[in-house]
1. Is there any pair linking a residue in the range 350-377 that is closer than 16 Å to residue 394 by Cα and part of a loop (DSSP other than H, G, I, E, B) to one that is open to solvent by 70 Å² or more (accessible area, probe 1.4 Å) and at pLDDT 95 or above, with Cβ under 6 Å and at least six apart or on different chains, and which?
2. Suppose we keep only residues that are among the hydroxyl-bearing types (Ser, Thr, Tyr) and open to solvent by less than 30 Å² (accessible area, probe 1.4 Å) within the range 330-368. Which one would you say is nearest to residue 382 (Cα to Cα)?
3. For the condition open to solvent by less than 40 Å² (accessible area, probe 1.4 Å) and farther than 29 Å from residue 277 by Cα, what is the one hit in 196, 118?
4. Just to check your reading of the model, which residue among 40, 71 is assigned to a strand (DSSP E or B) and within 18 Å of residue 121 (Cβ to Cβ)?
5. If a residue has to be open to solvent by less than 10 Å² (accessible area, probe 1.4 Å) and not small (Gly, Ala, Ser) to count, how many in the range 134-156 make the cut?
6. Counting only residues that are open to solvent by 70 Å² or more (accessible area, probe 1.4 Å) and assigned to a loop (DSSP other than H, G, I, E, B), which one in the range 1-37 is modelled with the lowest pLDDT?
7. Could you identify the single residue in 287, 281, 277, 227 that is assigned to a helix (DSSP H, G or I), of a type in the set (Ser, Thr, Tyr) and open to solvent by less than 60 Å² (accessible area, probe 1.4 Å)?
8. Considering the range 252-274 alone, what residues qualify as being under 20 Å from the mean Cα position of the chain (by Cα) and open to solvent by 30 Å² or more (accessible area, probe 1.4 Å)?
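The values are calculated or read from the model by the stated rules, or taken from the named source; none is laboratory data. All figures in this text were calculated on a predicted structure; none of them were measured in a lab. Positions of Cβ are backbone-derived with ideal geometry, glycine not excepted, and every protein chain shown enters the neighbour counts. Heavy atoms of the whole protein, side chains included, go into the accessibility calculation; ligands, DNA and RNA do not. Shrake-Rupley method; radii C 1.70, N 1.55, O 1.52, S 1.80 Å.
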Amino acid sequence: MNSSLFRLSFPLLFISIFNLASACHVGDRNALLAFKSAITADPSGLLSSWKSAVDCCTWAGVTCSVPNRVTSLSLYGQLDHPNAFLSGTISNSLSNLPYLDSIYLVNLRNISGPFPPSLFKLPKLLFIYIENNKLSGQLPAAIGNMSQLEALSLEGNRFTGPIPSSISKLTRLTQLKLGSNLLTGTIPIGIQQLKSLTFLSLERNRFAGPLPDFWGSFPELRILSLSHNKLTGKIPRSISALAAKLSYLQIGHNLLTGNIPDFLGTFRALDTLDLSSNHFSGVVPKSFRNLTKIFNLDLSRNSLVDPFPELFVKGIESLDLSYNKFHLRKIPKWVTSSPIIYSLKLAKCGIKMKMEDWKPTQTYFYDYIDLSENEIRGSPVGLLNRTDYLVGFWGSGNKLNFKLQDLRIVKRLKYLDLSRNQVSGKVPGAVVGLEKLNVSYNHLCGPIPATKFPATSFLGNDCLCGPPLPPCK
């Protein structure tokens with residue numbers, strides 16, 4: 001071979017050898033193809049690149065970090081895209097991927113079957129995220145044998161029964177997310193062995209019994225979500241051990257009782273606090289003034305009483321104090337001055353003021369305003385006509401007095417409840433773009449625009465007529 005020909009052919013030879021070396025291992029390719037064969041529907045083509053003639057290291061969702069061996073499988077659906085899902089089961093062939101260290105099967109919606117037994121045979125597996133699917137059955141006791149795991153998330157499935165006591169063996173876990181399942185029983189005491197946890201979510205299950213008293217075991221915990229269960233008793237003192245680092249505490253929608261403990265005011269890093277829909281009583285501690293970083297505060301639907309402390313926050317994003325026993329009289333100044341608030345819910349908070357006297361510093365970001373069941377007079381038109389991004393306004397059960405046609409109904413507005421006020425005028429045609437409307441028991445008159453709303457949305461007015469009410473004369 002002459003030298004010029006060799007110089008031309010050498011790069012081609014090198015590229016050919018390089019491609020051969022980088023092509024995924026045949027055993028890994030066959031394991032993934034077997035996984036694909038267990039998928040019965042793939043309408044958006046998530047696995048369309050998975051073809052035997054193509055290097056599997058280039059397939060969508062497949063990562064090869066070790067030379068020519070599959071180390072990660074990551075398939076994500078889109079909850080807002082109706083066809084971005086997969087139906088089928090998780091093939092046992094995954095056990096033939098010995099270098100797999102992470103599996104992400106997220107928002108695929110229709111993946112069913114039990115907890116995949118194939119995962120027990122993967123000694124290098126560190127991260128399991130199988131979220132928002134339809135896996136069911138009980139969590140296997142053998143899950144405790146996966147002691148190498150650093151993250152386990154099975155949220156958004158249909159698992160039933162208790163959390164196995166063997167969970168205590170997963171001492172390397174930094175994240176344990178089992179929310180939005182059908183799990184029952186008590187929260188196992190063995191969880192206190194997971195001392196490296198930064199994220200613990202058991203929300204939206206059916207756990208019962210007292211809120212555990214083992215929180216001093218988690219020096220690194222930053223997110224704790226136990227909402228929407230049937231937990232009972234008081235907030236235990238040991239939870240104060242989380243004060244230095246916890247930024248997110250959700251224990252709403254349970255059966256908790258007693259006073260809100262004063263020590264919650266020492267949680268200086270707290271961003272979100274949800275104690276809603278429990279049976280808390282007494283006053284909100286004055287120590288809440290120390291929660292200077294709080295952005296989201298929900299104390300709604302308890303039996304809390306006056307006085308409510310003035311908070312020293314730089315800006316609140318969402319606040320819900322509705323349905324307690326407060327008599328605020330006015331919307332607090334620290335709320336009115338917030339430059340970033342998007343959700344304000346103060347229903348039945350004893351507010352007695354004129355709507356025109358409320359002049360928030362910023363209206364641009366408001367998405368939701370609920371001032372129902374107060375004694376608010378005047379017109380919200382000046383305020384609402386400046387909120388281009390408002391999604392919902394609830395003002396029922398007040399003394400609001402204005403002409404409905406003066407209200408600018410923007411395209412983003414979906415929910416409007418002005419029932420049981422003193423609103424007059426006509427129903428504007430723009431209400432057809434709303435998802436929910438209630439203007440019952442006011443002083444409206446004239447024909448109703450053609451809408452999808454039931455008669456209950458319009459009852460009790462002076463002279464409204466036309467479908468769904470009796471015809472106009």
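1. Note: pairs meeting the criteria are 350/327; 373/348.
2. Here the answer is 363.
3. Matching residue, one of 196, 118: 118.
4. From the options 40, 71, the qualifying one is 71.
5. 6
6. 1
7. 287
8. 253, 271, listed by residue number.
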